[in-house]
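Okay, structure first, notes after.
The values are calculated or read from the model by the stated rules, or taken from the named source; none is laboratory data. Just so you know, these numbers come straight off a predicted model, no measurement behind them. Reconstructed Cβ throughout: ideal geometry from the backbone, glycine too, with neighbour counts over all protein chains shown. These area figures cover heavy atoms from the full protein model, side chains too; ligands, DNA and RNA do not enter into them. Shrake-Rupley method; radii C 1.70, N 1.55, O 1.52, S 1.80 Å.
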Amino acid sequence: MILLFALLVLLWNLASDINTLNSGIKNSVSKISQIKKEQAGLAKYKSEKPVSLEKFYLEVFNDIKEFSFYYRAPVEVKIIGAKDLVSIRNFFRESQYKGIKQVDIVCSFDLRKQRNTYLLDALYKLLKSRSLNVLDVNLEKGFVNITMRLYGI
């Protein structure tokens, strides 16, 4: 009886160790897939040199303003939640990618007097190779609001 009890305790410990090992393997697989997903998200930017987020924001801001001037479509570009642009660094926050910061901006184009329908297509072509994501596009009463997330260091 004691031998059977000792054997059951040893089997229980072995099963517990195997369960701990299996959960460790599952956690490792989960972490590896998360890292692969992050790597795939960053793969399209690997040929670009790192740019500070502040400099990148100003580049995008100037490109959009220049673009809107060319198409004669008034635009307002601002950081979400910013009242004044004294220190835009206050609105930078850490992204899901390690060592990379992000900021969300909104571009509001006035298309009420716009006759050229290629404006948004041209804007897409201008911004598609940049390290940014378009989060949302809304059309309200002749205004197109584009929400973008910019990435930088």
Arranged from highest to lowest average of other beta-carbon atoms within 10 Å per residue, in what order do the peptides 103-109, 3-9 appear?
-> 103-109, 3-9
Of Gly99, Gly81, Gly24, the one that fluctuates the most in a GNM where the chain has Cα springs shorter than 10 Å = Gly24
In the chain the accessible area split gives carbon plus sulfur, as whole percent at 1.4 Å, a share of 59
List the lysines whose Cα lies under 29 Å from the Cα of Lys125, skipping any in the same chain that are fewer than 8 positions away.
-> Lys36, Lys37, Lys44, Lys46, Lys49, Lys55, Lys65, Lys78, Lys98, Lys101, Lys113, Lys141
Highest-MSF residue in the chain out of Leu119, Leu14, Leu58 [GNM, Cα springs under 10 Å] = Leu14
What accessible area per residue comes out for the chain, rounded to a whole number of Å², with a 1.4 Å probe?
-> 75
Which entry in (i) 25.6, 92; (ii) 20.3, 73; (iii) 17.5, 60 matches Rg and Dmax of the Cα atoms in Å derived from the coordinates of this structure?
-> (i)
